[in-house]
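Presented below is the structure to which this report refers.
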Amino acid sequence: MKPVALAPVLCIAGPTASGKSKLALDYAAYQAGRGLQVELICVDSATIYRGMDVGTAKPSATEQAICPHHLIDIRDPIESYNAGEFARDATRLIGEIRARGAEPVLVGGTMLYFKALIEGIDELPTADLTVRAEIELEAQTHGWPALHASLALVDTITAARLSINDSQRISRALEVYRSTGKPISSFYKQEGAPQATSDKAFQLVALEPQSRQGLHERIASRFDAMLHGGLVDEVRALKNRSDLHADLPSMRCVGYRQVWEFLDGACSESEMRERGIAATRQLAKRQLTWLRSWEGKVSMPSETANLDSLLALLA
């Protein structure tokens, strides 16, 4: 007897402020009304951190009560987490959720995590702190655009998808190349790379804004809401920890880095707000670049995306 084919796992992806989390919760509530349990797997490199709630727009207790959420608060901000770890964790969770008779749904905006899960990923090299320090020193002397140009000479694929000021990812890409002699892009989708499942096992729904201006307005509104909701106090509490510093991946998250600089006296409060909004716009631009090049996805305008349109798409 042939095994019963499993339905593709629904993946809801989109840039920040596109409404993907609300859509996923609406879907979970709809399925609950039909007697079906949905469990969400969060695809987000920021909500993994404990104590980082306001600036990551982490689901509230009320939202988490609608259905179980996974891969939230799984790391302390001093710790690291990478795409390979996510792919393993998500693959395990998909199996466990299905074994409970529930439906796994992935939702988030960290496109590299989606890529690692769907397409497979080689194990990335561990951090080389000596090389990383050398790169940071070069950046202080020459600036990140110059290091981006250096990256383009050895890894055109990665450089093409990074902003010239994306210090975290430029640093990591150069670190991997200088440590191994191989571009970081070569670690993705190689022959023999771990592949949890075929891409046909996933249905990727991409929420893509049709109006850039509208997206920018939502980004500004959300960042202001975070500031009013206590983002500065949240970063201050993290900054007061003796073991955290500004160069950690957690503290480089959009919003946290800009507030940290404000608390250091490097900019005024109004400048911090403008920098935070600008950095969020750049993040959204990178997320959309990933999505638009993704084969096999189904796109929905984020402005009109709702439960009815999602159900019609999945029918």
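Just so it is clear, none of the values below were taken in a lab; they were calculated from the coordinates. In this text the structure is predicted, and so the values were computed from the model without any measurement. Ideal geometry is used to build each Cβ from the backbone, glycine not excepted, and the neighbour counts take in all protein chains shown.
For LEU6 and SER268, a Förster radius of 51 Å and the Cβ-Cβ distance give a FRET efficiency of 0.40, rounded to the nearest 0.05. Listed from fewest to most Cβ neighbours within 10 Å, the set GLU119, GLU217 follows the order GLU217, GLU119. Above 18 Å, the calculated P(r) of segment 20-126 contains 50 percent of its Cα-Cα pairs. Counting each DSSP H run of 4 or more residues in the chain as -39500 (n - 2.57), what helix-only mean residue ellipticity at 222 nm follows after dividing by all residues, to the nearest 500 deg cm²/dmol? Taken over the chain, the calculation gives -15500 deg cm²/dmol.
Report, in debye and to the nearest 20, how large the dipole of the chain comes out about its Cα centre when Lys and Arg carry +1 and Asp and Glu carry -1 on their Cβ. Present the calculation step by step, with values, prior to reporting the outcome.
Numbers: 35 positive and 39 negative charges, 141 e Å.
Charge dipole, the chain, about its Cα centre: 680 debye, nearest 20.
Averaged over residues, the count of other Cβ atoms within 10 Å places the peptides 269-279, 11-21, 304-314 in the sequence 11-21, 269-279, 304-314, highest first. The angle between the Cα long axis of helix 20-33 and the main principal axis of the chain comes to about 20°, on a 0 to 90 degree scale. All Cα-Cα separations within segment 129-187 were binned at 5 Å from zero, giving a P(r) of 4, 22, 36, 25, 12, 1, each value a whole percent of the pairs. Identify, among ASN82, THR130, GLY101, the residue whose Cα sits farthest towards the positive end of the charge dipole of the chain, taking +1 on the Cβ of Lys and Arg and -1 on the Cβ of Asp and Glu, with the dipole about the Cα centre. Ranked along the dipole, the leading option is GLY101. Put simply, segment 203-315 fits an ellipsoid with semi-axes of 33, 15, 13 Å; these come from the alpha carbon gyration tensor as the roots of five times its eigenvalues, largest first.
When ILE78, ILE41 are arranged by Cβ crowding within 10 Å, least crowded first, meaning fewest neighbours, the order is ILE78, ILE41. The distance separating the Cα centre of segment 89-126 from that of segment 225-301 comes to 24 Å. Projected onto its three principal axes, the C-alpha set of the chain covers 64, 48, 38 Å, listed from the longest axis down. Find the percent of Cα-Cα distances in segment 69-131 that exceed 17 Å, and round it to a whole number. Value for segment 69-131: 49 percent of Cα pairs lie more than 17 Å apart.
Within segment 120-279, all pairs of alpha-carbon atoms sorted by distance into 10 Å bins from zero give the percentages 9, 27, 31, 27, 5, 0.
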